[in-house]
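First the structure, in the form of structure tokens, and then the observations on it.
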Amino acid sequence: WLLVCLLLKLFSAVEVQRPRGVPLSKRQFYEEGKPFTCLDGSRTIPFDRVNDDYCDCQDGSDEPGTAACPNGSFHCTNAGFRPTFIPSSRINDGICDCCDTTDEYNSGATCQNTCRELGRKERESLQKMAEIAKEGFLLKQQLIHEANRGLEDKKAKLGDVQGSKKDLEAKVEALRTVKEAAEQPEREAKERHLKAWEGKLSFKSISPSTVCNEHDITGSLVSFKLNIKYCLSLIVLLFNFGFGICFRNLEKEISFDFGPSSEFAYLYSQCYELTTSEYIYRLCPFNRVTQKPKFGGSETNLGSWGKWAGPEDSIYSVMKYEHGTGCWQGPSRSTTVKLTCGKETVVTSTSEPSRCEYLMEFTCPAICQEPPNLEISSHEHQEL
Ligand SMILES: [Ca+2]
Ligand SMILES: [Ca+2]
């Protein structure tokens, strides 16, 4: 009895009486036998002028089921698939537009109801996408775990670098003191020597050989000191330079926005290529995008890392690379990278939708969102 009740209820739900082409949501505006007011409120007409194949309302709302109004739209229920609207000009035009065939009710066209089949295919592809999202989301958790570990490592390294920089600075300072201490007697000796030499100059006649010899001694003394000085400066320079690079690189890497949970960190210092018939495109995330002719030729910069540029609710779904090589008599090249969920990290397509503005599609697990529970949704489908 319960089943019968349920079936009856279902039937009554499906069999809601309404004029042809009217969606369920607007049923209340089309009350059988009562005057109809155009949905834009412009005028009221007797109900028999609804779907009488003559356009009465400016907004086309009196002819939802005929092609009489140029701006009318027809609602296909498409049971088993997705309901949709089509322009009313497609009613009875001989072409099957609605999968439930309802748009061709009077044209003689033989349409087959494909809604069930379409619905099945859609569910399959949704299922597949959900599975990809599920696997991708698991991978993402792994990426987050690794990124956090990597970040801790890097922070520790930065601390180490700072520590050993201080250590070395102390050592260099000690070396400088040693050097100065060592130079002190030499300086004194040199001064003595120079004085003696001046004495010789003033008191002795200058023979070319003495000048040369004396000069040699002084010269080598000077060059020895220069060497120490040079060496020390070189040590200090190399030390600052090396540490500077190391330091800056680490700091730079730590400062990047790798996503809410650092899930995009693994893309840093990686590059991904896509070869088309003409070019090799290369995306190095957080760095730059380039294009190189496949058969030789120089590389073109299509933009350097700019920012995350997705819409407010999913800012991490789009990357923007800017200020690439300038176009001839045009702006500098830029690239928009759209990220979609996938198990693999790969560039799937590139295009140039408008001049010097490139579009790249990139799949990676880091963008995958937690999928809704699959089992519940498949149950729902079965019940339907
Ligand atoms: Ca009419
Ligand atoms: Ca049609």
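The values are calculated or read from the model by the stated rules, or taken from the named source; none is laboratory data. Since the structure is predicted, the reported quantities are computational estimates derived from the model, not experimental observations. Cβ placement follows ideal geometry from the backbone for every residue including glycine, while neighbour counts extend to all protein chains displayed. Remember, those area values only see protein heavy atoms, side chains included, never the ligands or the DNA or RNA. Shrake-Rupley method; radii C 1.70, N 1.55, O 1.52, S 1.80 Å.
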Using a/c under 1.5 as the rounded threshold, could you call segment 53-206 rounded, prolate or oblate? The axes a ≥ b ≥ c are square roots of the C-alpha gyration tensor eigenvalues, and prolate needs a/b larger than b/c, oblate otherwise.
prolate
At R0 = 51 Å the Cβ-Cβ FRET efficiency linking A79 and N148, nearest 0.05, sits at 0.55
Evaluate the charge dipole of segment 79-166 about its Cα centre and quote only its size in Debye, nearest 20, assuming +1 on the Cβ of each Lys and Arg and -1 on the Cβ of each Asp and Glu.
920 debye
Can you work out the Karplus-derived ³J(HN,Hα) for every residue in segment 293-302? Use 6.51 cos²θ - 1.76 cosθ + 1.60 with θ = phi - 60°, whole Hz, and x for glycine or proline.
x, 5, 9, x, x, 8, 7, 10, 7, 9
Reported to the nearest 10 Å², Y358 has, with a 1.4 Å probe, an accessible area equal to 20 Å²
Farthest toward positive dipole pole in segment 18-139 [+1 Lys/Arg, -1 Asp/Glu at C-beta], among P64, G33, H75
H75
On each of the three principal axes of the Cα atoms of segment 265-367, give max minus min coordinate, whole Å, ordered largest first.
36, 27, 24
How would you order 309-316, 283-290 from highest to lowest mean count of nearby Cβ atoms within 10 Å?
283-290, 309-316
Length gained, E278-K294, 0.36 nm per residue minus C-alpha separation, equals 5.2 nm
Please compute the contact order of segment 265-367 in relative form: average sequence separation of alpha-carbon pairs under 8 Å and at least six residues apart, divided by the residue count, as a percent.
18 percent
Over segment 265-367, with every protein chain in place, what whole percent of the accessible area is carbon and sulfur at 1.4 Å, could you tell me?
48 percent
Within-14-Å neighbourhood charge of G244 [Cβ basis; K, R +1; D, E -1]:
+1
Pseudo-spin-label distance E186 to L168, built 7 Å along Cα→Cβ, given in nm, is 2.4 nm
Any idea what the dipole of segment 1-113 comes to, in debye rounded to 20, about its Cα centre with Lys/Arg Cβ at +1 and Asp/Glu Cβ at -1?
460 debye
Rank-order 36-42, 138-144 by packing density, defined as the average count of other C-beta atoms within 10 Å over each peptide's residues, highest first.
138-144, 36-42
Just read off the accessible area of S255 with the full protein assembly in place, 1.4 Å probe, to the nearest 10 Å².
90 Å²
In the P(r) worked out for segment 47-125, what percent of Cα pairs fall beyond 21 Å?
32 percent
Give, rounded to the nearest 20 debye, the magnitude of the charge dipole that segment 265-367 has about its Cα centre when Lys and Arg contribute +1 at Cβ and Asp and Glu contribute -1 at Cβ.
200 debye
If I stretch the segment between Q112 and F247 completely, what's the gain in nm (0.36 nm per residue apart, minus their alpha carbon distance), one decimal?
41.7 nm
Name the shape class, rounded, prolate or oblate, that the alpha-carbon gyration tensor gives for segment 1-113, where a ≥ b ≥ c are the square roots of its eigenvalues, rounded holds for a/c under 1.5, and otherwise prolate holds if a/b is larger than b/c and oblate otherwise.
oblate
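Add +1 for every Lys or Arg and -1 for every Asp or Glu among the other residues with Cβ under 11 Å from the Cβ of G306, and state the total.
+2
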